[in-house]
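The structure under discussion appears below in the form of structure tokens.
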Amino acid sequence: MIESYVEIDIDKIIENVQNIRSINPDSMYCAVLKANGYGLGAYKIAEEIEEFVDYFAVARLNEAISLREAGISKPILILGAVYYKDVKKCIDYDIDIPIFDLNYAKKINDYIDKKVNAHILLDTGMGRIGFRDFEENEIRELKSLENLNIISVFTHFSTADEADTSYTEMQHDKFKKIINDINDAFDLKFVHIANSAAAIKHNISKDMMRVGIATYGIYPSDLLREENNEELKQCFSFRSRVIFIKDVEAGTSISYGRTFIADKPMKIATLSIGYADGFIRAFSNLGEVLINGKLCKVIGRVCMDQMMVDVTGIDVKVDDKVIIYPDIYKEASKIDTIPYELMTSINLRVPRIYKKSGKIISIDNYIGEIYED
Ligand SMILES: *Cc1c(COP(=O)(O)O)cnc(C)c1O
């Protein structure tokens, strides 16, 4: 019996990719698989969708190498910084890197002895990493670095999922202007700018869109979810199991710290999931799960491996399945976070079960084998 698990429907991911592609048919699709594919398992998803996408992006070198070692052959771009000495590994594994600073670029160029594929990263307003004002002399110096094969330029939006579009437009304009200035200097193969929000809401996609969260069928914000009538299909479901049920009298306290005390007789179920599985402790006395079609409140503090929910008046028995995050947007907002964080918090103790055409095609147990029922 698997205690808690995530079920991932590959068909829905492919449907989302095709759906988003149809918004921008001329644009290449870069599936963003950072943080283990937003918690859902990067390698398996990459393998299943490779034929439907053009590029993959991850955040770190180890993520990129693990995809290569698993046999992924489409281009892979790292979105975060790579330590200059590690760039040799990027050459060995044919992985693209971002260039976001002139000194960094020079250090890499001096250290490596073969060409690496590089994408110039512009900070047009995100305020994270990137060239801020790309000056004439910087362009000239970059161009002189013979070990950098500069194939692309990109930037990242900070507010593309919000109602006010003015900042996004400003970033877009800034990007277009810089591209005009540098187009002649480099032999650019393509440029890219859009995350999920920009690809869906603004239809700003340029030559390639970098689609993370929407690939998995989750909208970047409630606004986009409403505007698009939930056309994307959430591809995963996080499940757990009831392991114990008890009736308690008024006055009974539940869990650490006695933060919940029954004010009437109640029926309480214990679930085999806790914060170490990624069900964040801030959901104590706040979260809700779905059991047999009924919403049940989390009561008391979430423990490391177990938690309790109120099942008073609900038909439930031991071994019943539980749906964690019945509405992931609503649950995320309760603890002032976003679905991105809830997804990427799902711990490696939780097996990932992959389904295609309604059948289980594989199970990834990161920690130990599990017994099937
Ligand atoms: C994470 C990330 C993306 C994908 O963002 P989503 O909102 O998940 O689509 C795209 N580009 C960069 C640079 C990122 O860091």
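Inside segment 290-317, residues that are in contact with a strand residue (DSSP E or B) (Cβ under 6 Å, 6 or more places away or on another chain) and farther than 24 Å from Gly251 by Cα make up a count of 2.
Determine whether Ile200 is open to solvent by less than 40 Å² (accessible area, probe 1.4 Å), outside any loop (DSSP other than H, G, I, E, B) and either closer than 21 Å to Gly37 by Cα or in contact with a helix residue (DSSP H, G or I) (Cβ under 6 Å, 6 or more places away or on another chain) (or both). Against the criterion (open to solvent by less than 40 Å² (accessible area, probe 1.4 Å), outside any loop (DSSP other than H, G, I, E, B) and either closer than 21 Å to Gly37 by Cα or in contact with a helix residue (DSSP H, G or I) (Cβ under 6 Å, 6 or more places away or on another chain) (or both)), Ile200 qualifies.
Checked against the criterion of being at pLDDT 95 or above, open to solvent by less than 60 Å² (accessible area, probe 1.4 Å) and either within 20 Å of Ala35 (Cβ to Cβ) or in contact with an Asp or Glu (Cβ under 7 Å, 6 or more places away or on another chain) (or both), segment 309-324 contains one or more residues that satisfy it. Checked against (1) touching a strand residue (DSSP E or B) at 6+ places or on another chain (Cβ under 8 Å); (2) closer than 29 Å to Val350 by Cβ, Ala197 passes all but a single condition, namely (1). One residue stands out in segment 25-69 among those that are of a type in the set (S, T, N, Q) and open to solvent by 10 Å² or more (accessible area, probe 1.4 Å): the one that is nearest to Ser362 (Cα to Cα), namely Asn36.
Of the residues contained in segment 161-184, none is found to be touching a Lys or Arg at 6+ places or on another chain (Cβ under 7 Å) and more than 24 Å from Ser22 (Cβ to Cβ). Mind checking which residues of segment 73-91 are more than 19 Å from Met209 (Cβ to Cβ) and more than 16 Å from the ligand (Cβ to nearest atom)? The answer is Ser73, Tyr83, Tyr84, Lys85, Asp86, Val87, Lys88, Lys89, Cys90, Ile91. Taking segment 196-231 as the range and being within 16 Å of the ligand (Cβ to nearest atom) and either under 30 Å from Val309 (Cα atoms) or among the aromatic types (Phe, Trp, Tyr) (or both) as the test, the residues that pass are Ile213, Tyr216, Gly217, Ile218, Tyr219, Pro220, Ser221, Asp222, Arg225.
The values are calculated or read from the model by the stated rules, or taken from the named source; none is laboratory data. Remember, predicted model here, so these are calculated numbers, not experimental data. Heads up, the Cβs are rebuilt from the backbone with ideal geometry, glycines too, and the neighbour counts pull from every protein chain shown. What goes into the accessible areas is simple: the full protein's heavy atoms, side chains included, and nothing from ligands, DNA or RNA. Shrake-Rupley method; radii C 1.70, N 1.55, O 1.52, S 1.80 Å.
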